[in-house]
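Please read the structure below before turning to the comments.
Computed from the coordinates by the stated procedures, all read-outs in this text should not be read as laboratory data. All values derive from a computational prediction rather than experimental measurement. Cβ sites come from the backbone with ideal geometry, for glycine too, and all protein chains shown count toward neighbours.
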Amino acid sequence: MAAPNLISASQIIGDTAVQAVGTSATAIVTNSAASGKAIKINALYLSNVDGTDNTAVDVDIYRSSTAYRLLSGVVVAAKTTIDVISKPIYLKEGDSLRLTAAVASDIEAVCSYEEIS
C-alpha cells in the first residue's frame, strides 16, 4: 500500500463518480493495488430520493479487509442531501470508498475525486 510522492506527481485527473446505493457495501471509488496512484476524495454527497421515507447509510474506507467507518447508521431524511466529506481524504493503493444503504435505491451518491500519479 504505497502512495506516490505528491510533490513529484506528473498528472492529476479529476473525475466524478455516481451511484445508486444498494444494501451491500459497494465501492464508489477504488484505488487498485499497485496502481502507483493516490486518490484524493474531494467531496461526497448522499441524497435521499425517496419522497417519504428516511434511510440509514454507512460509508467506509475498506483497507486490508477491514472497513473503517466514516458514517455508521446515519439517517438521511427523505428529500434531503448530506455532505459527508467536506475536507479531502486520500485513498492509498488497495483502498476503496464504499457505501451501504438500509433500503436499496433510496440513496444516490455523487463523489468528486482526483487521481494523482
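Checked against the criteria, TYR68 does not count as crowded, with 20+ Cβ neighbours inside 10 Å and within 13 Å of the chain's Cα centre (by Cα).
Identification of strands (runs of 3 or more DSSP E) wholly contained in the stretch 9-117 with 3 or more residues that are without any contact (Cβ under 8 Å) to a residue 60 or more places away in the chain and of a type in the set (Val, Ile, Thr) yields 55-63, 66-76, 81-85. For the stretch 39-53, a residue qualifies if it is within 14 Å of the chain's Cα centre (by Cα) and not aromatic (Phe, Trp, Tyr), and the qualifying residues are ILE39, LYS40, ILE41, ASN42, ALA43, LEU44, LEU46, SER47.
Of all the listed residues (THR52, THR16), the sole one being more than 14 Å from GLU115 (Cα to Cα) and loosely packed, with under 15 Cβ neighbours inside 10 Å is THR52.
Selection over the stretch 71-96 of residues that are under 28 Å from ILE13 (Cβ atoms), out of contact with any Ser or Thr (no Cβ under 6 Å at 6 or more places or on another chain) and surrounded by fewer than 18 Cβ atoms within 10 Å (Cβ to Cβ) gives a count of 9.
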